[in-house]
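Only one structure is covered here, and it is reproduced in the block below.
The values are calculated or read from the model by the stated rules, or taken from the named source; none is laboratory data. Nothing here was measured: the structure is a model prediction, and the numbers come from that model. When we count neighbours, we look across all protein chains shown, and the Cβ atoms used for this are built from the backbone with ideal geometry, even at glycine.
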Amino acid sequence: MTAAVFYVLAALVVLSALMVVALKNLFHCALFLAVAMFGVSGVFLFLGSEFLAAVQVLIYVGAVTILVIFGIMLTRNVMDEKTPARNSQVGLSLLVAASFLLVTLFAVAQSVFQWTNQPTGPGVPPPSAIMNDVYALGPALILPSNGFAFAFEFVSILLLSALVGAIVIARKDPS
Amino acid sequence: MNAVPIVHFLYLAAILFSIGLFGVLTRKNALSVLMGVELMLNAVNINFLAFGKYWGSASLPGQVFVVFVITIAAAEAAVALAIVISIYRQWRNVNVDEIHALRG
């Protein structure tokens, strides 16, 4: 029963991603991008990470899509209906993307995941005990004993400098 | 919740990544290219979480990596949109095929 929900979600994600790539109107593309991100957050719920599903909705649906829509509105009237939305490499790109997809699907299908659907084993705690646990994520990011503290602080500095840099790049020249 | 085997998550991620790749390769508008990149990043996140969940005891690093990927994606989106707006001011154009002032 829950598996059926996953396949509906996956179909929703794939269809809206196709719409993002296929549609000509950029505004519709951005709206379908929001739908796809929402579906991906549902997939995150299936993978047992409620916190990241909420983060996905907040950041992608709430922030990145709005940012893209602002960008589309600020650069309006540049792509009118007469100019084609695609470059001259559609056939080659289709070949590249399709071959990548086929190779990846073949590799995944040929791989043997011994722990598939067997997350419980001798000495392995059941996934419900470790997943579904927001309380485990915070200490893992902050405590120095877990090894992620330096990367966490580093990515904080990176985000801050990227945002300051974005403001500097986008502002008008004070001439 | 374990009714879905891991390979189906991996299939979904591969399909999503290929769709994003096609969009990045073919679109002319820089904002469309950015949307394709976001699709590819989300496919990678699905892969991280799928492997993290089915790995068992080492599941937490998958979630931590997704936190980092989302953070970098947010920074990338902000910087990319700032560059697009700056380019639009300069050239009145956001077509990635025609902006080649840095070509050698």
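Which one is farthest from the other protein chains (Cβ to nearest Cβ), of the residues in the range A:1-53 that are of a type in the set (Val, Ile, Thr) and over 13 Å from the mean Cα position of the chain (by Cα)?
A:8
Somewhere in the range B:20-28, is a residue among the aliphatic types (A, V, I, L, M) and crowded, with 23+ Cβ neighbours inside 10 Å?
The answer is no, given that none of the residues of the range B:20-28 is among the aliphatic types (A, V, I, L, M) and crowded, with 23+ Cβ neighbours inside 10 Å.
Could you grab me the full set of residues in the range A:134-160 that are within 22 Å of the chain's Cα centre (by Cα) and hydroxyl-bearing (Ser, Thr, Tyr)?
A:156
Being within 8 Å of chain A (Cβ to nearest Cβ) and closer than 20 Å to residue A:98 by Cβ is the filter; apply it to the range B:20-34 and report the residue that is nearest to the chain's Cα centre (by Cα).
So the residue we want is B:20.
Which of the residues belonging to the range A:7-38 are in contact with a helix residue (DSSP H, G or I) (Cβ under 7 Å, 6 or more places away or on another chain) and over 14 Å from residue B:15 (Cα atoms)?
A:23, A:26, A:27, A:29, A:30, A:32, A:33, A:34, A:35, A:37, A:38
Can you tell me which of B:94, B:84, B:4, B:64 is touching a strand residue (DSSP E or B) at 6+ places or on another chain (Cβ under 7 Å) and facing another protein chain (nearest Cβ under 7 Å)?
B:94
Conditions first: (1) crowded, with 19+ Cβ neighbours inside 10 Å; (2) modelled with pLDDT under 90; (3) touching a strand residue (DSSP E or B) at 6+ places or on another chain (Cβ under 9 Å); (4) on the phi < 0 side of the Ramachandran plot. Residue B:56 passes all but one, so which condition is the exception?
Status for residue B:56: all satisfied but (4).
Identify, please: which residue in the range A:54-75 is touching a residue at least 24 places away in the same chain (Cβ under 8 Å) and over 16 Å from residue B:37 (Cβ atoms) and is, among those, farthest from the other protein chains (Cβ to nearest Cβ)?
The extreme case among them is A:61.
State all residues of the range B:67-81 that are more than 7 Å from every other protein chain (Cβ to nearest Cβ) and in contact (Cβ under 8 Å) with a residue 40 or more places away in the chain; if no residue qualifies, say none.
Hit for the range B:67-81 is B:80, nothing else.
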